[in-house]
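Visitor: Provided herewith is a single structure, encoded as structure tokens, for subsequent inquiry.
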6 protein chains.
Amino acid sequence: MKILLLNPNMTTGMTDGMAEVARLAASPGTEIIPVTATRGFPYISSRAESQFAGTITLEIIADYQDQVDAVVVAAFGDPGLHAARELYDLPVTGLAEAAILTACMLGERFAIVTFTPDMIAWYALSVAAAGVQSRLSGFHAPERQSGSLGNLKVDMRAELTRLAQEAAAGGADCVILGGAPLAGLASEIAEEVPAVLIDPVACAVRQAETLALLAPDGASKGSYRRPPGKATTGLPAALAAQFEGDG
Amino acid sequence: MKILLLNPNMTTGMTDGMAEVARLAASPGTEIIPVTATRGFPYISSRAESQFAGTITLEIIADYQDQVDAVVVAAFGDPGLHAARELYDLPVTGLAEAAILTACMLGERFAIVTFTPDMIAWYALSVAAAGVQSRLSGFHAPERQSGSLGNLKVDMRAELTRLAQEAAAGGADCVILGGAPLAGLASEIAEEVPAVLIDPVACAVRQAETLALLAPDGASKGSYRRPPGKATTGLPAALAAQFEGDG
Amino acid sequence: MKILLLNPNMTTGMTDGMAEVARLAASPGTEIIPVTATRGFPYISSRAESQFAGTITLEIIADYQDQVDAVVVAAFGDPGLHAARELYDLPVTGLAEAAILTACMLGERFAIVTFTPDMIAWYALSVAAAGVQSRLSGFHAPERQSGSLGNLKVDMRAELTRLAQEAAAGGADCVILGGAPLAGLASEIAEEVPAVLIDPVACAVRQAETLALLAPDGASKGSYRRPPGKATTGLPAALAAQFEGDG
Amino acid sequence: MKILLLNPNMTTGMTDGMAEVARLAASPGTEIIPVTATRGFPYISSRAESQFAGTITLEIIADYQDQVDAVVVAAFGDPGLHAARELYDLPVTGLAEAAILTACMLGERFAIVTFTPDMIAWYALSVAAAGVQSRLSGFHAPERQSGSLGNLKVDMRAELTRLAQEAAAGGADCVILGGAPLAGLASEIAEEVPAVLIDPVACAVRQAETLALLAPDGASKGSYRRPPGKATTGLPAALAAQFEGDG
Amino acid sequence: MKILLLNPNMTTGMTDGMAEVARLAASPGTEIIPVTATRGFPYISSRAESQFAGTITLEIIADYQDQVDAVVVAAFGDPGLHAARELYDLPVTGLAEAAILTACMLGERFAIVTFTPDMIAWYALSVAAAGVQSRLSGFHAPERQSGSLGNLKVDMRAELTRLAQEAAAGGADCVILGGAPLAGLASEIAEEVPAVLIDPVACAVRQAETLALLAPDGASKGSYRRPPGKATTGLPAALAAQFEGDG
Amino acid sequence: MKILLLNPNMTTGMTDGMAEVARLAASPGTEIIPVTATRGFPYISSRAESQFAGTITLEIIADYQDQVDAVVVAAFGDPGLHAARELYDLPVTGLAEAAILTACMLGERFAIVTFTPDMIAWYALSVAAAGVQSRLSGFHAPERQSGSLGNLKVDMRAELTRLAQEAAAGGADCVILGGAPLAGLASEIAEEVPAVLIDPVACAVRQAETLALLAPDGASKGSYRRPPGKATTGLPAALAAQFEGDG
């Protein structure tokens, strides 16, 4: 099975870090195909950037859809997730969705810890989209990001560990470490936090495998059946072809 | 006051129809500046198309931001609304949001009537985004669209009137006629339906005026303060400049 | 257009303050007709007082209904709003409702700041009535009111500013200053608070204008159609006539 | 123990019917003191009428508060319930509230059957006030009332039985017969309906007894502590005294 | 009337304490029949223990069903409540359910105070089962239990009083003292706390009486009608007979 | 990896059918260990039976915990799921939970189709426990079960297919076939239904694998940490040992 690990951010180091976690979590025989956006932003951290990045998600899938069995949108916040799910006959999930739903099987309430408060309003949309607001105990973020984006797991380790402990004290049975730069941190700090630590990349890879096995066409029916083909103007060619073809 | 009536669809006839309704609803002294997308789709009718159209919304505002006092995203479903609200220091509303919130002052429960069932899943996102699901009595659509997109108000008038009556019988105090092609229909069929008919274009123009008066910078604080400037790659120039500039 | 600014409190100084804000917010050509209750309480601050004041609201509208195009119930908490909406063929809104729904277009989450904790339980009913509890970040009030009711904007300015800042820090994109005596304060402290400040009187006047334009009969259909005429005993004459007449 | 059965409607025949049911439900030693409004409406059936009737509720309690141990607001819809709870140091409940909360111990979901669709929007407020919307399976009413108000139990018995059966088929474990004129009907048709039939008068009397025993001052703390004394103008004397006295 | 006060815990001292409170709350003529589990746990304090204890509840009712008119499951958390309600033709309530629903008539929001944080996740299920999460202001517990289980009311009195005061300050109009060992404490500390104190045992006895009077068969219809008879293996004889008999 | 497929029903034919589906869904290298209850009921179909069966679940896990890596409670309705999750240091999921959360990645709204209306109230508890009521479009069941329990997939195939089609028409993107006897039917009728068909056994096996990989101790922290050891009386020996040992 081949899984597209689609990073809608442009930072390849981030993709590499996620790919490593993804390969550790994947089943034997699963191949992880990491792809990094070549347009957009080094790192998405707002609803506005996510709006644009969501179209990058759609473009990249257009190019890879025939080569993979499932897609992981590898940015917490899941830009373009629902649009991709509607447009392609492939299973698609995202870091936020997969982590949130997996956490629901490992505790009653989950918290989301991230590295800057700028993310919270955006990430909150993923909790709402999953429909599980009643199971969220809260968001926890430092007052501001410190250290470099490429080295957050080291630079902010102590701070993020403290936030995860705070989340546990606040009633979270599970703590999701949200944000692509944090891939792999969950297992590193698990011993220090009295909550189940959740790594979104690992969750997403496993959920993508499951969807590919159980529903090879993904969310392809009902309101997610492919929209009727329609003329387009000014779209990248592969994406235009996808929109123009009938479902 | 100048209000950008931003049609993220590419059909100028649709823009013309909406501009006519907008001018009737606007206060004396308000100038309506209608703009039609030159990229994208003739008519948006899915979450996937809305994802792409949302970036068109952002692009168009980049070009017009210095010339207007407020923006109306003139497609029911409001593609790019929240992203635009975050990215620009201007009030922004959309047909769906404005109609829904206005309806909340004209009845206890509102219904949304539209011309094809394809729209419902997409429109439902706007109700959820407003947070007023408890006030929605339901969606009503025909089994399929009939007639031509440019002439729906005539071709489907009887059908849509019947659906609005059905909505009223089902407990709706107000009926929103959702979908850009239906602009102006509310006043035409009002006498035939025992519910308050809501025209989204009229609502949106009035709400945009109100926002421009009361909050000239729009939603510019808290989680909607402008994201920090950030390098971009491959974006249209005006949009890139907006993302790259500090808020 | 004429808008009845109906203060169900008996304090004319409060009415004057609100009328001033109302005139600044109104469109050219709109006339504000301020009226102060001549029965009831100097200032309403409980559900019990609101129950009584709601009938005063109904009585006053009975007297003015033929002279105005829309009504603003000018007490935050909106005594009698829904009853008035049902009984009269006029658009009616209230300070709380209009502020809350307007805030929903200027941020994701709003807070309500007021000058005494006594108000909170009562004001909470308006948030619930609007159906937008999920968008409320919280109430903020001092431990107790200080200064004189007629001079609160001056006497409590520092305290209320601090509370608005606290609300912003707690996640509010918008802060509504609730309570008739605070009319006009929003613009005075806007620069000091990192949230969009919302003035309920300004919102209500603008929303009343919009309703009058778009739905001159107001909420007059469905569950808000006028109740059938019915005999009454012991009601003020104009109010009795209204209840006794058929809708 | 003495319980004030306060009918805010002016129809004494209705009071008599309710008093009979109340006496059957009351514990040995409980005295039912029926009182009928002498101002207002023969029968309340709208939010507007309920607004006015709520003040009648407050007035009547002012007169009887020293003679009784608890109060039942004996109109389904509970006009003035929360205001009375705040203003008086006595337990107060209402037909709707008591029936709804009692039903929650006799099934998972309850329906409300009434004799005219005019009541539904008003009654829905009581379900919302109790906070148990998730346990309501729905409202069921005939298209219109038939027969005379004083004889509904006979004139509409077949119709109401059919509606209760319909409610049961729709998933209701319990069916509340809402509306003062229906007092006593529950036991008469219980055998014909596969749901537990709930008589609001019986529930309210029993709940009032329980409150009087367990909390003789009623809801007298927190947000329901008596509002501070305040000058009043134009209120009936006993009610004025109550508002003017400190809690 | 006879009410089974069924303690699914094995500690008879606890049963004695509850029986004393129950007798004080009961109507004249009501006989309290206290029974203590002879299998299970000294004291239930987790969802896992509650799962097992719920079957003990079912077993005990099987033995007593012909001798009583109603059942109180006398452990806060209500193990087996809904199963018992379905299986037996008797009214059944529990300490948590009865306290929660009664509190809803004595304030807008209630808090639950208990003596160890271990209980919270379990007790939260009772709030959710009642459907009134919107009326809960929160749980309050010490960091850990202190003193002996048999003497908690004395050993932790100061601590629990402080927690109840904290709950009141946090917006609770009512405070429920949750946990069988706390029976009787509510009246002892009522004067020290500015909220209505709720004793679950007293509530449950009164509610059981009301259900027995109004619905002698209890929740016996709709989804609570007795399940069809079914073969069983390995169940205690009386319980087997109950499951095997037709409803 | 070894997964305990724990059928709390006593019917081995049902276990065999589920084991077959489980093996098809499992990853290479996963061993399915099917176990059938030897006490309890041939088939669980009520909340009362589920209460008892939940303790059977706990007992069986006590015997197998050292031999397996994860547990699937193989009855839709998940008897004992949350108790098992709390009591054992193993990942545990159930047919209902796993199907529901998986469906949330394959559509916006899911329906549950089952073979008798008796199941609905019980199954509804699983939707509530997952917290995703807003994503449920509804339950669909025939008026009554037909055919033999052991042969339902054949006997009721046409009826269940029709119900799944009805669910799709009612707005479900996914249809879960709930009930152990229906294992394997999803793939058989998938072509006939315009919705994604969900097989709970397949979902549960895959989710159990994922949990075992990502969180080998399961839900073992926060409110799901093992309860403190406690004396027990009258429990099966292995279960007693589990409760008595410290977590």
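Visitor: Looking at segment C:54-86, which of its residues are within 22 Å of C:Asp199 (Cα to Cα) and among the aliphatic types (A, V, I, L, M)?
Guide: Passing the criteria: C:Ala70, C:Val71, C:Val72, C:Val73, C:Ala74, C:Ala75, C:Leu81.
Visitor: Now for a different question. Go through segment E:223-234 and count every residue that is open to solvent by less than 20 Å² (accessible area, probe 1.4 Å) and either at pLDDT 95 or above or over 14 Å from E:Ala83 (Cα atoms) (or both).
Guide: Taking segment E:223-234 as the starting set, the residues that turn out to be open to solvent by less than 20 Å² (accessible area, probe 1.4 Å) are E:224, E:227.
Adding the requirement that they be either at pLDDT 95 or above or over 14 Å from E:Ala83 (Cα atoms) (or both) leaves E:224.
Residues that pass the stated criteria total 1.
Visitor: Within segment A:91-105, is there a residue that is open to solvent by less than 10 Å² (accessible area, probe 1.4 Å), within 14 Å of chain B (Cβ to nearest Cβ) and outside any helix (DSSP H, G or I)?
Guide: The answer is yes; a qualifying residue exists.
Visitor: Would you pick out the residues in segment C:165-178 that are within 19 Å of A:Pro117 (Cβ to Cβ) and of a type in the set (A, V, I, L, M)?
Guide: Passing the criteria: C:Ala167, C:Ala168, C:Ala169, C:Ala172, C:Val175.
Visitor: Identify the single condition in (1) on the phi < 0 side of the Ramachandran plot; (2) surrounded by fewer than 24 Cβ atoms within 10 Å (Cβ to Cβ); (3) under 18 Å from the mean Cα position of the chain (by Cα) that B:Gln165 does not satisfy, given that it satisfies every other one.
Guide: (3)
Visitor: Which residues, counting only those in segment D:63-90, are on the phi > 0 side of the Ramachandran plot and within 11 Å of chain C (Cβ to nearest Cβ)?
Guide: D:Gly80
Visitor: Give me the residue from segment A:172-213 that is acidic (Asp, Glu) and closer than 13 Å to A:Ala22 by Cα and, out of that set, surrounded by the most Cβ atoms within 10 Å (Cβ to Cβ).
Guide: A:Asp199
Visitor: Out of (1) within 26 Å of D:Arg157 (Cα to Cα); (2) more than 14 Å from chain C (Cβ to nearest Cβ); (3) open to solvent by 10 Å² or more (accessible area, probe 1.4 Å); (4) touching an Asp or Glu at 6+ places or on another chain (Cβ under 7 Å), what's the single condition that is false for D:Ser45?
Guide: So the condition that D:Ser45 fails would be (2).
Visitor: Quickly run through segment C:18-42 and pick out the residues that are outside any helix (DSSP H, G or I) and within 9 Å of another protein chain (Cβ to nearest Cβ).
Guide: Result: C:Ser27, C:Pro28, C:Gly29, C:Ala37, C:Thr38, C:Arg39, C:Gly40, C:Phe41, C:Pro42.
Visitor: Looking at E:Ala158, E:Ala141, which is the one that is surrounded by 20 or more Cβ atoms within 10 Å (Cβ to Cβ) and without any contact (Cβ under 8 Å) to a residue 40 or more places away in the chain?
Guide: Going through E:Ala158, E:Ala141 in turn, just one is surrounded by 20 or more Cβ atoms within 10 Å (Cβ to Cβ) and without any contact (Cβ under 8 Å) to a residue 40 or more places away in the chain: E:Ala141.
Visitor: Can you name the residue in segment C:66-77 that is in a loop (DSSP other than H, G, I, E, B) and not charged (D, E, K, R) and, of all such residues, is nearest to C:Thr93 (Cα to Cα)?
Guide: The residue in question is C:Ala74.
Visitor: Also, I was wondering about something else. Across segment E:78-90, what is the number of residues that are touching a Pro at 6+ places or on another chain (Cβ under 9 Å) and either under 17 Å from E:Gln133 (Cβ atoms) or assigned to a helix (DSSP H, G or I) (or both)?
Guide: So the count comes out to 3.
Visitor: Taking B:Leu163 as the residue in question, decide whether it is farther than 19 Å from B:Asn7 by Cα, touching a strand residue (DSSP E or B) at 6+ places or on another chain (Cβ under 9 Å) and outside any helix (DSSP H, G or I).
Guide: For B:Leu163, the condition - farther than 19 Å from B:Asn7 by Cα, touching a strand residue (DSSP E or B) at 6+ places or on another chain (Cβ under 9 Å) and outside any helix (DSSP H, G or I) - is not met.
Visitor: Let me ask something else. Residue under question is B:Ser134, and the condition is that it be open to solvent by 10 Å² or more (accessible area, probe 1.4 Å), closer than 17 Å to C:Ile100 by Cα and in a helix (DSSP H, G or I); does it hold?
Guide: Criteria met by B:Ser134.
Visitor: Pick out the one residue from D:Thr161, D:Thr114 that is within 24 Å of D:Pro8 (Cα to Cα) and among the hydroxyl-bearing types (Ser, Thr, Tyr).
Guide: Unique residue meeting the criteria: D:Thr114.
Visitor: Let me ask you something else. Only one of these is among the small types (Gly, Ala, Ser), in contact (Cβ under 8 Å) with a residue 24 or more places away in the chain, open to solvent by 10 Å² or more (accessible area, probe 1.4 Å) and not assigned by TED's automatic domain parsing to the domain that holds A:Gly150: A:Gly17, A:Gly54, A:Gly40. Name it.
Guide: A:Gly17
Visitor: What number of residues within segment A:123-160 are polar (S, T, N, Q) and in contact with a Leu (Cβ under 9 Å, 6 or more places away or on another chain)?
Guide: Total satisfying the criteria: 3.
Visitor: Residues in segment A:112-122: is at least one more than 11 Å from chain B (Cβ to nearest Cβ) and either touching a Ser or Thr at 6+ places or on another chain (Cβ under 8 Å) or small (Gly, Ala, Ser) (or both)? Walk me through how you get there before you give the answer.
Guide: Pass one, segment A:112-122, residues more than 11 Å from chain B (Cβ to nearest Cβ): A:112-115.
Checking which are either touching a Ser or Thr at 6+ places or on another chain (Cβ under 8 Å) or small (Gly, Ala, Ser) (or both) leaves us with none.
The answer is no; no qualifying residue exists.
Visitor: Just to be sure, is E:Ile61 under 16 Å from the mean Cα position of the chain (by Cα), assigned by TED's automatic domain parsing to the domain that holds E:Gly229 and free of Cβ contacts under 8 Å to residues at least 40 places away in the same chain?
Guide: Spelling it out, it is not the case that E:Ile61 is under 16 Å from the mean Cα position of the chain (by Cα), assigned by TED's automatic domain parsing to the domain that holds E:Gly229 and free of Cβ contacts under 8 Å to residues at least 40 places away in the same chain.
Visitor: Of all residues in segment F:48-62, how many are within 8 Å of chain E (Cβ to nearest Cβ) and out of contact with any helix residue (DSSP H, G or I) (no Cβ under 8 Å at 6 or more places or on another chain)?
Guide: 0
Visitor: Scan segment A:124-161 for residues that are hydroxyl-bearing (Ser, Thr, Tyr) and either in the same structural domain as A:Arg47 (by TED's automatic domain parsing) or over 21 Å from C:Glu108 (Cα atoms) (or both) and jot them down.
Guide: Once the filter is applied, which keeps residues that are hydroxyl-bearing (Ser, Thr, Tyr) and either in the same structural domain as A:Arg47 (by TED's automatic domain parsing) or over 21 Å from C:Glu108 (Cα atoms) (or both), segment A:124-161 yields A:Ser146, A:Ser148, A:Thr161.
Visitor: Picking from C:Ile189, C:Ile176, which residue would you name as being aliphatic (A, V, I, L, M), more than 7 Å from chain B (Cβ to nearest Cβ) and assigned to a strand (DSSP E or B)?
Guide: C:Ile176
Visitor: Restricting to segment E:194-237, give me the number of residues that are within 14 Å of chain F (Cβ to nearest Cβ) and over 23 Å from the mean Cα position of the chain (by Cα).
Guide: Within segment E:194-237, residues that are within 14 Å of chain F (Cβ to nearest Cβ) and over 23 Å from the mean Cα position of the chain (by Cα) number 12.
Visitor: Going through segment F:78-90 one residue at a time, which ones are closer than 12 Å to F:Tyr123 by Cα and open to solvent by 10 Å² or more (accessible area, probe 1.4 Å)?
Guide: Matches in segment F:78-90: F:Asp78 only.
The values are calculated or read from the model by the stated rules, or taken from the named source; none is laboratory data. Predicted, not measured: the structure shown is a model, and the values here were computed from it. Glycine also receives a Cβ, built like all others from the backbone with ideal geometry; neighbour counts cover every protein chain displayed. Only protein heavy atoms, including side chains, enter the accessible area calculation; ligands, DNA and RNA are left aside. Shrake-Rupley method; radii C 1.70, N 1.55, O 1.52, S 1.80 Å.
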